[in-house]
Amino acid sequence: MIEDALVALKNGGLVAFPTETVYGLGADAANKHAVMKLYAAKNRPAFNPLIVHCASVEQMREYCAWDDRAEALANAFMPGPLTIIVQRWPWGKFPEPDAPSVSEEACAKLPTIALRMPDHPVALELIQKYGKPIAAPSANPSGMLSPTRAEHVRQHLGDVVDVILEAPNPCRIGLESTIVDISMRGSGWELLRQGAISQEGIEAVLKMPPFPKDEKIRSPGQLLRHYTTHKDLVLDVTEPLPEDALLVFGVAPHPAPRHTLNLSPESNLEEAASRLFAYLHLLDKTDAKRIAVMPIPEQGIGVAINERLRRGAFRPY
Ligand code: AMP
Ligand code: MG
């Protein structure tokens with residue numbers, strides 16, 4: 001299967017592959033046409049840049065202006081669920097004419113690049129054998145629930161993907177990577193997306209707190225509405241209705257609605273994160289009117305879970 005995927009990438013095709021976070025939809029990051037096909041397949045706006053996946057830190061260094069912050073984060077968290085945003089070339093310099101580069105489209109024509117090394121054997125083997133970075137957003141239609149199983153990809157993007165790679169236990173974390181922006185001059189940093197690696201974990205490595213969050217959307221893709229279910233999603237429900245599709249964390253109510261799934265009967269937040277999208281996909285397919293979610297503690301990876309849920313529940317009208 002990996003061989004089929006390599007051929008597809010070489011021919012400008014799209015390959016879905018498991019990572020430890022969610023399923024990625026990959027294209028050759030250097031192939032402009034492949035990258036544009038990827039945006040079209042997801043119906044993703046062209047201003048929303050892609051994460052460029054590498055198989056090693058050495059490979060990452062070739063494609064950006066690497067610095068001490070990047071080195072420290074790579075030592076601490078790579079491979080792993082962390083994406084760093086860095087300058088593509090050093091401040092005040094133009095790129096060398098034949099420097100290795102990804103297509104402008106993959107970076108949405110920004111002077112910065114998002115880099116990640118996934119911690120999954122299938123993803124790493126694919127990138128390693130391909131020998132070049134792979135641009136890969138999540139393998140879902142833009143704005144919809146993220147995929148954590150091959151069947152999610154098959155169901156929602158099956159007709160536009162050339163190869164879907166399988167793995168026995170894909171996506172053990174289940175939430176997208178933490179995104180840290182270290183592209184600004186100096187030593188500061190910003191947290192652009194919550195994930196399994198916590199703000200405190202990043203602070204400990206970079207030895208300073210992040211810049212305070214402003215209301216502006218800094219990361220082009222961080223639009224408010226995302227992770228959308230077809231049904232209405234209602235949060236912090238303590239008294240669900242019998243006709244609800246219910247997502248429980250911890251102890252389920254008695255009697256529980258007919259469509260009830262428990263993210264973690266033992267109240268384990270990591271387990272809940274790993275099941276979140278798969279259970280939302282399932283509840284979204286029931287005949288219930290709405291999906292009700294019981295409260296999830298705002299601790300550890302619970303912060304990232306709640307951020308996904310709030311954006312899924314947001315309705316602009
Ligand atoms: P996804 O691939 O769907 O997980 O989304 C990747 C996220 O990374 C998007 O929200 C992008 O906005 C963000 N991102 C990628 N590249 C950059 C960049 N150069 N600057 C800021 N954010 C970025
Ligand atoms: Mg996504």
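Nothing in this text is a laboratory measurement; each read-out follows from the coordinates by a stated rule. Quantities reported herein were computed from a predicted structural model and do not represent experimental measurements. For neighbour counting, all protein chains shown are included, and Cβ atoms are generated from backbone atoms with ideal geometry for every residue, glycine included.
So the values come out like this:
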| quantity | calculated |
| --- | --- |
| Two-site label geometry, Leu235 and Glu58: point separation in nm, points 7 Å out along Cα→Cβ | 4.4 |
| Under the Karplus curve 6.51 cos²θ - 1.76 cosθ + 1.60, θ = phi - 60°, whole-Hz ³J(HN,Hα) for the range 291-307, x wherever Gly or Pro sits | 9, 9, 10, 6, x, 10, x, 8, 9, x, 6, x, 4, 6, 4, 5, 5 |
| Equivalent ellipsoid, the range 58-186 (semi-axes from 5 times Cα gyration tensor eigenvalues, Å) | 28, 17, 14 |
| Fluctuation leader among Asn31, Asn169, Asn48 - the chain, Gaussian network, Cα springs under 10 angstrom | Asn169 |
| The chain - percent relative contact order, Cα under 8 Å, separation 6 or more | 20 |
| Fewest-first ranking of Lys37, Lys129, using other Cβ atoms within 10 Å as the exposure measure | Lys129, Lys37 |
| Isotropically averaged projected area of the range 52-131, using the convex hull of Cα atoms (one quarter of hull area), nm² | 5.4 |
| Residues of type lysines that Lys231 reaches as a straight line, Cα spacing below 18 Å, ignoring anything fewer than 8 places off in the same chain | Lys285, Lys289 |
| Amide hydrogen neighbours beyond the local backbone of Arg193, cut-off 5 Å, H modeled | Ile179 |
| Loop trypsin sites (Lys or Arg not before Pro), the range 69-104, which have at most 14 other Cβ atoms in a 10 Å radius of their Cβ (DSSP) | Lys93 |
| Simple label model, 7 Å out from Cα along Cβ direction - Lys129 to Ala40, nm | 2.8 |
| Fewest-first ranking of Asp119, Asp68, Asp4, using other Cβ atoms within 10 Å as the exposure measure | Asp68, Asp4, Asp119 |
| Computed P(r) (all Cα pairs; the chain; 10 Å bins; percent) | 6, 27, 34, 23, 8, 2, 0 |
| Asp67, Asp244 arranged by Cβ crowding within 10 Å, fewest neighbours leading | Asp67, Asp244 |
| Over the chain: helical MRE at 222 nm, DSSP H runs n ≥ 4 each giving -39500 (n - 2.57), nearest 500 | -8500 deg cm²/dmol |
| Inter-label distance, nm, simple model (7 Å from Cα along the C-beta direction), Arg310/Asp68 | 3.4 |
| Normalised contact order of the range 150-305, rounded percent, pairs of Cα under 8 Å and 6 or more residues apart | 24 |
| Between the range 89-103 and the range 110-182, the alpha-carbon center distance in angstrom | 26 |
